[in-house]
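Asker: Take a look at this one; I'll ask things after.
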Amino acid sequence: MQNPWLEIPLSDYEAHMDLPAVDQASMTASELSCALSLFTPASLAVIGCAGGNGFDAIPPSVRRVVGVDINPRYAASAGERYAGQVAGLEFHVADIQRDPLQFEPVDLLFASLVFEYVAIGDALVNLARVCRPGGRMVTLLQQPSPTLSSLTPSPYDSIRLLSPLMRLVPPAELAGEAASAGFGLVFEKSLTIRSGKSFVVQHYCRDEDARSAAMCR
Ligand SMILES: C[S@@+](CC[C@H](N)C(=O)[O-])C[C@H]1O[C@@H](n2cnc3c(N)ncnc32)[C@H](O)[C@@H]1O
């Protein structure tokens, strides 16, 4: 069976994310912008980049920007939108839990709302190969709500295809798998957006010795 993300038109996904009951796109963009200000990377990879949400705020000091997505149409759309606006832009179509990632390691990996759809251990081993030692990874995980369903009911029928695939990942589980892959957790925060949905942002440092992230502080 093919991955459901390959069957969802980008227009459906983006319209769904903009629904008042979802309203997640601006949060992701804002967290990317925050990570870029904090870590001032020269190279960045956005994992599960969709149509390039947040790319408009990438400063020219980031000289190489890699967008990775399983859906080739998403990557093509992001390329059309941001070619010429974002320096050193390249896209890689890959399933991060299966395909070796074929690009030079970067200073910062940004992975927002993607671990909900993959085998996290396999994906993290793969991602560790494209994060330089001492580099950072910022992750954003959706958290369960006592009143809201994980996948917000949507007028865009294709979004329902995600239901059997989506799994909310406990932050401690991600941190444990990340440590095994060589990423030490250095910071964590929770945030809740207007829709009432909650998220956890984690900052990791890629260290040859995941038990010692001191060099990253
Ligand atoms: C919920 S969207 C998040 C998009 C963006 N990161 C954001 O936060 O606005 C998940 C994205 O991850 C991509 N994706 C899902 N599974 C993937 C996989 N196995 N490998 C690569 N990309 C994947 C989807 O195609 C989609 O663009």
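Asker: Please give the per residue volume of the convex hull enclosing the alpha carbon atoms of the chain, rounded to a whole number of Å³.
Answerer: Per residue, the Cα convex hull of the chain comes to 111 Å³.
Asker: Over the Cα atoms of the range 103-217, compute the convex hull volume and normalise it per residue, giving Å³.
Answerer: 115 Å³
Asker: Considering all alpha-carbon pairs of the range 139-204, what whole percent are spaced by more than 18 angstrom?
Answerer: For the range 139-204, the share of Cα pairs beyond 18 Å comes to 46 percent.
Asker: Helix-only estimate, please: 222 nm mean residue ellipticity of the chain, summing -39500 (n - 2.57) across DSSP H runs of length 4 or more and dividing by its residues, to the nearest 500. Mind showing how you got there, number by number?
Answerer: Values: 5 runs with 55 residues, N = 217.
Calculated at 222 nm, the ellipticity per residue is -7500 deg cm²/dmol.
Asker: Which net charge results when you count Lys and Arg as +1 and Asp and Glu as -1 among the other residues whose beta-carbon is under 13 Å from that of Ser26?
Answerer: Numbers: positive: Arg194, Lys197; negative: Glu14, Asp18, Asp23, Glu31, Asp56.
With Lys, Arg at +1 and Asp, Glu at -1, the net is -3.
Asker: Net charge near Tyr117: determine it from the other residues with C-beta under 12 Å of the C-beta of Tyr117, scoring Lys and Arg +1 and Asp and Glu -1.
Answerer: Once all neighbours under 12 Å are counted, the net charge is -2.
Asker: Give, rounded to the nearest 20 debye, the magnitude of the charge dipole that the range 4-205 has about its Cα centre when Lys and Arg contribute +1 at Cβ and Asp and Glu contribute -1 at Cβ.
Answerer: 360 debye
Asker: Continuing with this model, one more query. If you roll a 1.4 Å probe over the range 4-205 with all protein chains in place, what percent of the accessible area is carbon or sulfur?
Answerer: It is 53 percent, rounded to a whole number.
Asker: Report the Cα-based extents of the range 57-111 along its three principal axes, largest first, to the nearest Å.
Answerer: The Cα atoms of the range 57-111 stretch 32, 25, 17 Å along their principal axes.
Asker: Something else about it: Under 11 Å from the Cβ of Ser77, count the other residues' Cβ atoms, weight Lys and Arg +1, Asp and Glu -1, and hand me the total.
Answerer: Net charge around Ser77: -1.
Asker: On to the next question. Subtracting the Cα-Cα distance from 0.36 nm times the residue separation, let me have the gained length for Arg194 to Ser37 in nm, one decimal.
Answerer: 54.1 nm
The values are calculated or read from the model by the stated rules, or taken from the named source; none is laboratory data. A quick note: this is a predicted structure, and the numbers were derived from the prediction, not measured. Backbone-built Cβ (ideal geometry, glycine too); neighbour counts: all protein chains shown. Calculation scope for accessible area: heavy atoms of the full protein, side chains included, ligands and nucleic acids excluded. Shrake-Rupley method; radii C 1.70, N 1.55, O 1.52, S 1.80 Å.
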